[in-house]
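Q: A single structure is presented below for examination.
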Amino acid sequence: MKNSNKEESKSIKSTDKLVEEAKVTQEDLQALGSKDANLSHDGGADEALRKRKRQVDFSGKGLDVPGEELDDAQEAVGSEDEENNHYSLSDEKN
């Protein structure tokens, strides 16, 4: 056991070494290219996303989940039993 701990401690890098490795060099920046470059190679289709007027809504509030509204009263008071909702139950496939 003592040997494995010594080997493990040899593989752990010092904070100074990690900081040095994390520095971005001029060469790194050149390899990455411009921030405005089309890195996705989609022919510029992502330009509309850069110029959008509204933020992307990741909340999921607009999702249509059958039966989701059936427990709104329990949600309001914090006593919802999420795992027993129809949309949370598994079927024979999973």
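The values are calculated or read from the model by the stated rules, or taken from the named source; none is laboratory data. In this text the structure is predicted, and so the values were computed from the model without any measurement. Quick reminder, even Gly has a Cβ in these numbers, built from the backbone with ideal geometry, and neighbours come from all protein chains shown.
Q: Could we say that V77 is among the β-branched types (V, I, T), modelled with pLDDT of 75 or more and either over 23 Å from the mean Cα position of the chain (by Cα) or surrounded by 10 or more Cβ atoms within 10 Å (Cβ to Cβ) (or both) here?
A: Yes.
Q: OK, next. For residues that are surrounded by 10 or more Cβ atoms within 10 Å (Cβ to Cβ) and either touching a residue at least 60 places away in the same chain (Cβ under 8 Å) or part of a helix (DSSP H, G or I) (or both), tally how many sit in the range 39-69.
A: 2
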